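S.K.: Submitted below is the structure of interest, expressed as structure tokens.
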Amino acid sequence: METTSQDTVSPQSLEHPSTPDWTTLEGNLDRFIHGEREIFLVGTAHISQSSAELAHRVIREVRPDTVAVELCAARHASLLDPDRWKNMDIVSVIRSGKAYVLMAQLMLASFQKRLGDQLHVKPGAEMLEALKGAEEVGAQTVLADRDIRVTLKRTWSSLGLWGMAKLLVSMLAGVFTKHEIDEEEIERLKSSDALEELMKEFSDALPGVRTALIDERDQYLAQKIKEAPGKRIVAIVGAGHVPGIKRWISHETDLSKLEEIPPPRALSRVLAWTIPALVVALIVYGFTTAGASKGTEMAVTWILINGGFGAFGSLVAFAHPITIIVAFIVSPFTSINPFIAGGWVAGLVEAMIRKPRVSDLETIADDIGSFQGIWGNRVSRILLVVAFTNLFGTIGTFIGIERLSSLL
């Protein structure tokens, strides 16, 4: 039975796009007629050997003009070059403010790798098979996913402070939780109904994460698949995106809007300047109204509290003693400077003192999966120095403001 073309689908609003008719050829394989073009949508699990075999078989049998894969340029490069960590410049990562993005990527990669090791399947095997199949049949390859760095940045910007804390706790819990999974569970999770239910629970807990990680990418993937050249297209995507792609394939999406990095929230911008102004105002007020001794006491109190918390953050990350001292010195000043964070300075110092070794870069994906490994690997430890120094420095800022107020 042939499906309805896009031209016969009733127009719907952007918020509620229509769901075009698809023909299910077999489990996890659907077919859709889009005008004069034929689209085959293959839903896969990223750590399933049967998914890898399905992707290759469909491409070999359909012999499409184009194969669209759920990869962006960065993930495509890392998939083809698994030794990419050896070339990572951790100093440049910290200077560019991408330490948190890198940490999230490493945690997600580590979790997926552990599951893949249990099933003896390389993560992304189905994408590698798709790329191999495309080359064999002479099909063009389209990288259909949004840049992972854009996705992570849009996720961070949508969370807010409490949401970000919940996400980091969930990610850390996932890293240290030994989750056993077998082929039967993988196959069960490849059914759309099960995945939609899981995503509903995810949405209830962290709606901002779902929007950036799932909903927006559903739209992005659907548009890129629809724009792929040729009359016959095979799309290899994670099964969790299949329902969303089916909903959005009949609607036009402006990809440029989904690629924008949202500016900082107004409240964040206000706080970035209000907090430093408040600290300076309190100390100046102490000098002018209560005399030099009171003003000096307030300045020393600020340095001890804010510097002490920043240094404690570095200590928790098992930083080098010199890094801890530097964190103590810079935290009181970086806390009143909106353009630089104490964790960045501490992380750079740690990177210069304990330069990552080749072995650290080679084993980072494995090391980050255990408590001992994440603190033993110099790369992940540097990232922890950045994170914990900033975290405790922020705590010290609010406690310091309260103490300054109490001294007046």
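S.K.: Can you tell me which residues in the range 339-358 are over 13 Å from ILE324 (Cβ atoms) and surrounded by 15 or more Cβ atoms within 10 Å (Cβ to Cβ)? Steps first, answer last, please.
M.R.: Of the residues in the range 339-358, the ones over 13 Å from ILE324 (Cβ atoms) are 339-341, 344, 348, 351-352, 355-358.
Matches in the range 339-358: ALA341, TRP344, LEU348, ALA351, PRO356.
S.K.: For residues that are of a type in the set (Phe, Trp, Tyr) and either modelled with pLDDT under 85 or more than 19 Å from PHE318 (Cα to Cα) (or both), tally how many sit in the range 363-408.
M.R.: The number of residues fulfilling the criteria is 3.
S.K.: Something else: Which number in (1) in contact with a strand residue (DSSP E or B) (Cβ under 6 Å, 6 or more places away or on another chain); (2) not polar (S, T, N, Q); (3) not assigned by TED's automatic domain parsing to the domain that holds ALA125 marks the one condition that ALA239 misses?
M.R.: Status for ALA239: all satisfied but (3).
S.K.: Follow-up. Which is at pLDDT below 80, surrounded by 21 or more Cβ atoms within 10 Å (Cβ to Cβ) and touching a strand residue (DSSP E or B) at 6+ places or on another chain (Cβ under 8 Å), of ALA55, ALA45? Even if it seems obvious, please write down each step before you answer.
M.R.: Values: ALA55 fails: at pLDDT below 80.
Just a single option satisfies the conditions, and that option is ALA45.
S.K.: Can you name the helices (runs of 4 or more DSSP H) wholly within the range 157-272 that have at least 3 residues being farther than 27 Å from LEU391 by Cα and either modelled with pLDDT of 55 or more or within 17 Å of the chain's Cα centre (by Cα) (or both)? If you could, list the steps in order and put the result at the bottom.
M.R.: Numbers: elements: 183-189, 192-205, 207-210, 216-227, 242-248, 255-258.
Counting at least 3 such residues, we get 183-189, 216-227, 242-248, 255-258.
S.K.: Restricting to the range 128-147, count the residues that are of a type in the set (S, T, N, Q) and either within 13 Å of HIS76 (Cα to Cα) or surrounded by 15 or more Cβ atoms within 10 Å (Cβ to Cβ) (or both). Let's see the steps before the verdict.
M.R.: Of the range 128-147, the ones of a type in the set (S, T, N, Q) are 140-141.
Still in the running and either within 13 Å of HIS76 (Cα to Cα) or surrounded by 15 or more Cβ atoms within 10 Å (Cβ to Cβ) (or both): 141.
Selection size over the range 128-147: 1.
S.K.: Going by what's in this entry, would THR288 be described as free of Cβ contacts under 8 Å to residues at least 12 places away in the same chain and not aliphatic (A, V, I, L, M)?
M.R.: On the way: free of Cβ contacts under 8 Å to residues at least 12 places away in the same chain: yes; not aliphatic (A, V, I, L, M): yes.
Yes; evaluated as a whole, the condition is true for this residue.
S.K.: Still on this model: Might you let me know whether the range 126-141 holds any residue that is part of a strand (DSSP E or B) and either in contact with a helix residue (DSSP H, G or I) (Cβ under 6 Å, 6 or more places away or on another chain) or modelled with pLDDT of 70 or more (or both)?
M.R.: Filtering the range 126-141 down to residues part of a strand (DSSP E or B) leaves 140-141.
Narrowing further to those that are either in contact with a helix residue (DSSP H, G or I) (Cβ under 6 Å, 6 or more places away or on another chain) or modelled with pLDDT of 70 or more (or both): 140-141.
Scanning the range 126-141, I find at least one residue that is part of a strand (DSSP E or B) and either in contact with a helix residue (DSSP H, G or I) (Cβ under 6 Å, 6 or more places away or on another chain) or modelled with pLDDT of 70 or more (or both), so the answer is yes.
S.K.: Is there a residue in the range 243-255 that is in the same structural domain as ILE148 (by TED's automatic domain parsing) and free of Cβ contacts under 8 Å to residues at least 24 places away in the same chain?
M.R.: Scanning the range 243-255 turns up at least one residue that is in the same structural domain as ILE148 (by TED's automatic domain parsing) and free of Cβ contacts under 8 Å to residues at least 24 places away in the same chain.
S.K.: Ok, one more. For TRP302, only one of the following conditions fails: (1) in the same structural domain as HIS76 (by TED's automatic domain parsing); (2) buried (at least 22 other Cβ atoms within 10 Å of the Cβ). What is its number?
M.R.: That leaves (1) as the condition not met.
S.K.: Considering only the range 58-82, how many residues are in contact (Cβ under 8 Å) with a residue 60 or more places away in the chain and either assigned to a helix (DSSP H, G or I) or at positive phi (or both)? Walk me through it before giving the result.
M.R.: Restricting attention to the range 58-82, the residues satisfying the condition of being in contact (Cβ under 8 Å) with a residue 60 or more places away in the chain are 58-60, 62-76.
Among the residues that remain, those that are also either assigned to a helix (DSSP H, G or I) or at positive phi (or both) are: 58-60, 62-63, 73-76.
Number of matching residues: 9.
S.K.: Are any residues in the range 346-362 modelled with pLDDT of 80 or more and part of a helix (DSSP H, G or I), and if so, which ones?
M.R.: ALA346, GLY347, LEU348, VAL349, GLU350, ALA351, MET352, ILE353
S.K.: Condition first: under 18 Å from ILE399 (Cβ atoms) and part of a loop (DSSP other than H, G, I, E, B). Now tell me which residues in the range 315-345 satisfy that. Give the steps one after another, and end with the answer.
M.R.: The first filter runs over the range 315-345 and keeps only residues under 18 Å from ILE399 (Cβ atoms), leaving 315-316, 327-328, 330-336, 341-343.
If the condition is that a residue be under 18 Å from ILE399 (Cβ atoms) and part of a loop (DSSP other than H, G, I, E, B), then SER335, ILE336, ALA341 are the ones that fit.
S.K.: Further question on the same structure: Would you pick out the residues in the range 392-404 that are surrounded by fewer than 19 Cβ atoms within 10 Å (Cβ to Cβ) and either in contact (Cβ under 8 Å) with a residue 12 or more places away in the chain or among the β-branched types (Val, Ile, Thr) (or both)?
M.R.: Within the range 392-404, the subset surrounded by fewer than 19 Cβ atoms within 10 Å (Cβ to Cβ) is 395, 398-399, 401-403.
Those that are surrounded by fewer than 19 Cβ atoms within 10 Å (Cβ to Cβ) and either in contact (Cβ under 8 Å) with a residue 12 or more places away in the chain or among the β-branched types (Val, Ile, Thr) (or both): ILE395, ILE399, ILE401, ARG403.
The values are calculated or read from the model by the stated rules, or taken from the named source; none is laboratory data. As the structure is a computational prediction, the values presented were derived from the model and not from experiment. Virtual Cβ from ideal backbone geometry, glycine too; neighbours counted across all protein chains shown.
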